[in-house]
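Values in this text are rule-based calculations from the coordinates and carry no lab data. Note that the structure is predicted; figures quoted are calculated from it, not measured. Here the Cβ positions follow ideal geometry from the backbone for every residue, glycine too, while neighbour counts run over all protein chains shown.
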Amino acid sequence: MIELPKELETQARETFAARFGGEPEVVAVAPSRVELLGNHTDYNGGLVLAAAIDRHTVVVGRALTASRDARVHAVNLNEDDAFAVDAFEPTAKGSWSRYVRGVLWALSTRCGPPATGFEAVIVGDVPLGAGLSSSASLQAAEALFLIASGVIPSAPPFDRLDSKNADEADNARVELAKTLQRSENEFVGVASGLLDQFTVILGRRDHALFLDCATAAHSLVPLGSPAPAIVVCDSGTSRQLADGMYNRRRAESDRIVEYFAARRPRPGAGDFLLSFVALDDLNEAWDKLDPIGRRRARHVLTENERVQAGVEALRRGDAAELGRLLCASHSSSRDDFENSSPALDALIESAAKSPGFLGGKLSGAGWAGCTVNLVDAESADDFAASVTEHYRTATGNEATVHVLRAAAGAAAARATPKLVE
Ligand code: GLA
């Protein structure tokens, strides 16, 4: 059963009626995500512990059987996009419409050309550009809308998304996540890993998602009972720098990959990724390695260990230990990967002085944006007030605090009759 954020759904339906007339036929929803542990591990074939969170993107729309045109309205930005489904180019880098077009492109590469045109309205409450992956949330909601409405022809593997066979459905979801990652890499032009799309599609309420990015093996881990609150603090600093830095970090780690790949028994066979290097081997070769690259690599390899330790801590119900691991992750980001910032450090220091704090770290790419904190659920409101106060005193800036809960992954349903009253 699809769970819809009621206000967003109502807003989307009303906007759809006003702009296009009548009722949408399909409603799709996708959460956003936080990375709990596993920072910059995904594109290095490493481990991630993440959670889908209850800030969503809703897409409502209908297929246009008599047309080959697409018309899309983004409520939050009050912008429109219109294009022919058979011939379209990427729009400007960084624009929401580039993501919209990229999803259609990527699904078509797997299922064949679109069967029809479509009209759709997008609305969301995911803070934009804050490191919570509003883009993956948009991608997943749109993809499920395109598939459920028949704009994308029914074909493997996505015809199994609602299969009663759990393995088949799971496999279809994994393939969807990979397809949307490909859309972001090849059409949008952002060299991100699998973390974002995977989490927004496969997350579950009150669960964390444990993912091995090298194999896509994954499992859900309950966050405990009562689950700690997931509190995201937005530093108010902009992430404009992040894209260039992200690609630079990838290149820096690649130097270490090259060193170890060249020393394998059969160099050149298959894809060799940084996470295949043992931490002991990195430490042993330390003096021979590039001085920047080796610290980047140590961050990634110790993150993999922290993910494993975090999953074990969760499985034995030790939220305090998971929190400590988040703090260790932040220190490693700050010192080794250098993807923190004075604002993010101040936000973590402010959180550490606040009631109920179990642990926290920067969220996603880093350099600006948000931190993610685990907080005793009953202290979440006091924590929010305190962290804001401490951050203001330390920096003179205002933080925005979101108290969140792990949410279900993306879903779609026929929109008529209305599902939620
Ligand atoms: C961004 C990317 C993810 C991941 C994180 C860092 O959020 O989109 O794929 O690499 O940074 O862990």
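Worth a mention:
- Computed [θ] at 222 nm, helices only, for the chain once each DSSP H run of length n ≥ 4 contributes -39500 (n - 2.57): -13000 deg cm²/dmol
- Comparing 232, 307, 403 in a Gaussian network model of the chain where C-alpha atoms under 10 Å apart are linked, the largest mean-square fluctuation is found at 403.
- Fewest neighbouring Cβ atoms within 10 Å first, the residues 370, 327, 213 line up as 327, 213, 370.
- Average projection, convex hull of the Cα set of region 167-260: 8.7 square nanometres.
- Residue (of 292, 307, 362) at the positive-pole extreme of region 229-404, dipole from beta-carbon charges: 292
- Measuring nothing but how far apart in sequence close Cα pairs (under 8 Å, 6+ apart) lie, relative to its length, the chain scores a relative contact order of 24 percent.
- At 1.567 mPa s and 4 °C, Stokes diffusion of region 296-421 via Kirkwood alpha-carbon radius, µm² per second: 81
- Charged side chains reduced to their Cβ positions (Lys and Arg at +1, Asp and Glu at -1) give region 229-404 a dipole of some 620 debye around its Cα centre.
- Within straight-line reach of residue 353, meaning a Cα separation under 24 Å, sit the following lysines at least 8 residues removed in sequence or on another chain: 361.
- Dipole of region 34-96 [Lys/Arg +1, Asp/Glu -1 at C-beta], most positive-end residue of 56, 92, 41: 56
- Between 0 and 90°, nearest 10: helix 380-395 axis offset from the chain longest Cα axis: 70
- Cα long-axis angle, helix 6-20 against the chain (0 to 90 degrees, to the nearest 10): 40
- Helix 342-352 vs. the chain, principal-axis angle (Cα, 0 to 90°, nearest 10): 80
- Seen from residue 358, the other residues with C-beta closer than 13 Å to its C-beta sum to a net charge of -2, counting Lys and Arg as +1 and Asp and Glu as -1.
- Among 275, 340, 225: highest mean-square fluctuation, GNM of the chain, C-alpha pairs under 10 Å: 225
- Assigned charges on the beta-carbon of Lys, Arg, Asp, Glu; the chain dipole about Cα centre (debye): 620
- Largest mean-square fluctuation among 371, 400, 215, in a Gaussian network model of the chain whose springs join Cα atoms under 10 Å apart, belongs to 215.
- Put simply, the amide H of residue 55, placed in the peptide plane, has neighbours under 5 Å in 32, leaving out anything fewer than 5 places away on its chain.
- Here's the list of lysines a cross-link from residue 6 could span, going by alpha-carbon distance under 21 Å and ignoring same-chain residues fewer than 8 apart: 418.
- In sequence order, region 191-205 has phi-based couplings of 8, 7, x, 8, 3, 5, 5, 4, 5, 5, 8, 10, x, 9, 3 Hz under the Karplus curve 6.51 cos²θ - 1.76 cosθ + 1.60, θ = phi - 60°, and Gly or Pro positions carry x.
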